[in-house]
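Novice: Below you'll find the structure I mean.
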Amino acid sequence: MWLYKNQEIKELTDMPEPTFGFIYEVTHTPTGRKYLGKKQLISVQKKALGKKELALITDKRASKKKTVTKESDWKTYYGSNPTIKQMLKEGKHDEFTREILMFVPSKKLLTYYEDKYLYVNEVIEKGDTYFNDNISGRFFKKDFIKD
């Protein structure tokens, strides 16, 4: 279950328009460790056309791919952190709470606000407070560990 300001969010219609994605925080309640991240609501992929679809194309210069749009797995998503994923495999879903911090209207702003939350909350500097171990694949928790 996702919560936003103590309200349950179950469907896309529970979110304000326009919403491209959201910034979230997952908390492991027994330890208090958190994970901050972003999640897109819609996935857009380019897929190769099948044999039947290709046979219908008369213009040889036409694209051989189609765009497929579908709802993402946001309802069941807990983050990309390997430790969290392992805990979920072990059936520990009930040990986590999921909170939406803000709704975001575009892809560019989704990345901006994720980075902002990660920096403001000092997720890679605060040791074991957060599961996050890097920001944008450029700044890593190990760089802040003092010997």
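The values are calculated or read from the model by the stated rules, or taken from the named source; none is laboratory data. From a predicted model like this one, the values you see are computed outputs, not experimental measurements. Please note: Cβ atoms are built from the backbone with ideal geometry, for glycine as well, and neighbour counts cover all protein chains shown. Side chains are part of the model used for accessible areas, which takes the heavy atoms of the whole protein and leaves out ligands, DNA and RNA. Shrake-Rupley method; radii C 1.70, N 1.55, O 1.52, S 1.80 Å.
Novice: Hey, which of the strands (runs of 3 or more DSSP E) in region 1-40, taking only ones fully inside, have at least 2 residues that are of a type outside the set (Ser, Thr, Tyr) and touching a strand residue (DSSP E or B) at 6+ places or on another chain (Cβ under 6 Å)?
Specialist: 2-4, 21-28, 33-40
Novice: If Gly79 satisfies all but one of (1) touching a strand residue (DSSP E or B) at 6+ places or on another chain (Cβ under 9 Å); (2) open to solvent by 70 Å² or more (accessible area, probe 1.4 Å); (3) not aliphatic (A, V, I, L, M), what's the number of the condition it fails?
Specialist: Only one criterion in (1) touching a strand residue (DSSP E or B) at 6+ places or on another chain (Cβ under 9 Å); (2) open to solvent by 70 Å² or more (accessible area, probe 1.4 Å); (3) not aliphatic (A, V, I, L, M) is unmet by Gly79, namely (2).
Novice: Could you run through region 34-49 and say how many residues are over 13 Å from Glu99 (Cβ atoms), among the charged types (D, E, K, R) and without any contact (Cβ under 8 Å) to a residue 60 or more places away in the chain?
Specialist: 2
Novice: Then there's this: Taking Asp115 as the residue in question, decide whether it is touching a strand residue (DSSP E or B) at 6+ places or on another chain (Cβ under 7 Å) and open to solvent by 80 Å² or more (accessible area, probe 1.4 Å).
Specialist: Against the criterion (touching a strand residue (DSSP E or B) at 6+ places or on another chain (Cβ under 7 Å) and open to solvent by 80 Å² or more (accessible area, probe 1.4 Å)), Asp115 does not qualify.
Novice: Yes or no: Met15 at pLDDT 95 or above, aliphatic (A, V, I, L, M) and more than 19 Å from Phe131 (Cα to Cα)?
Specialist: Here the answer is yes, as Met15 does meet what is asked.
Novice: Return the residues of region 83-112 that are part of a helix (DSSP H, G or I), within 12 Å of the chain's Cα centre (by Cα) and buried (at least 17 other Cβ atoms within 10 Å of the Cβ); say none if nothing qualifies.
Specialist: Within region 83-112, just Leu110 meets the criteria.
Novice: Taking region 1-33 on its own, how many of its residues are closer than 25 Å to Asp115 by Cβ, touching a residue at least 40 places away in the same chain (Cβ under 8 Å), among the charged types (D, E, K, R) and open to solvent by 60 Å² or more (accessible area, probe 1.4 Å)?
Specialist: Going through region 1-33 one residue at a time, the tally reaches 1.
Novice: Related question: Does any residue in region 68-81 that is at positive phi and of a type outside the set (Val, Ile, Thr) come within less than 7 Å, Cβ to Cβ, of a residue that is open to solvent by 80 Å² or more (accessible area, probe 1.4 Å) and in a loop (DSSP other than H, G, I, E, B) six or more places away or on a different chain, and which pairs are these?
Specialist: If the second residue must be open to solvent by 80 Å² or more (accessible area, probe 1.4 Å) and in a loop (DSSP other than H, G, I, E, B), no pairs are left.
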